[in-house]
Ligand SMILES: [Mg+2]
């Protein structure tokens, strides 16, 4: 049986970094996002961040079952990249990690033309993934449903 590879977003799906970044930026309204990311301490941010709904445990379970899983995450700096690698590997997650630099779409890093699955909290990313042949699953911690995509709030359902 063909098993669709599953790509999992990092921010807002595995760790609650998305909302923390937004909160921290709100404290600094005068600087640009670019300046903000240039000075953001990702090691500290990831230390403080919480795992969303046991995501790490479910990824480890999927890994154990030899599921085709990869992490597909946007990054703004090399420090963010380093901190994310360390965090995932320290959690014993050893699946491939694909990084998406600024101004590049996830589909430019991996073209999902065999119906690969993307689990992401960003509808924009899911729409682009779908347009390029992939299958999008919307992750929303609070299970706010979206009309276009299946919505989940725990990775258990797919891994
Ligand atoms: Mg995200």
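The values are calculated or read from the model by the stated rules, or taken from the named source; none is laboratory data. All values derive from a computational prediction rather than experimental measurement. So basically every Cβ, Gly included, is an ideal-geometry build from the backbone, and we count neighbours across all protein chains shown.
For this structure, a couple of remarks:
- Residue 43 in a helix (DSSP H, G or I) and either within 16 Å of the ligand (Cβ to nearest atom) or surrounded by fewer than 17 Cβ atoms within 10 Å (Cβ to Cβ) (or both): yes
- None of 50, 30 is away from the ligand (no atom under 14 Å from the Cβ) and closer than 18 Å to residue 92 by Cα except 50.
- Subset tally (residues that are touching a strand residue (DSSP E or B) at 6+ places or on another chain (Cβ under 7 Å) and surrounded by fewer than 16 Cβ atoms within 10 Å (Cβ to Cβ)) for the stretch 108-122: 2
- Residue count for the stretch 46-73 under the criterion of being within 21 Å of residue 117 (Cα to Cα) and assigned to a helix (DSSP H, G or I): the result is 10.
- Counting the residues of the stretch 1-23 that are within 16 Å of the ligand (Cβ to nearest atom) and in contact (Cβ under 8 Å) with a residue 12 or more places away in the chain gives 15.
- Tabulated pairs, the stretch 119-138, first farther than 11 Å from residue 105 by Cα and modelled with pLDDT under 95, second assigned to a loop (DSSP other than H, G, I, E, B) and within 16 Å of the ligand (Cβ to nearest atom), C-beta under 9 angstrom, 6+ apart or interchain: none
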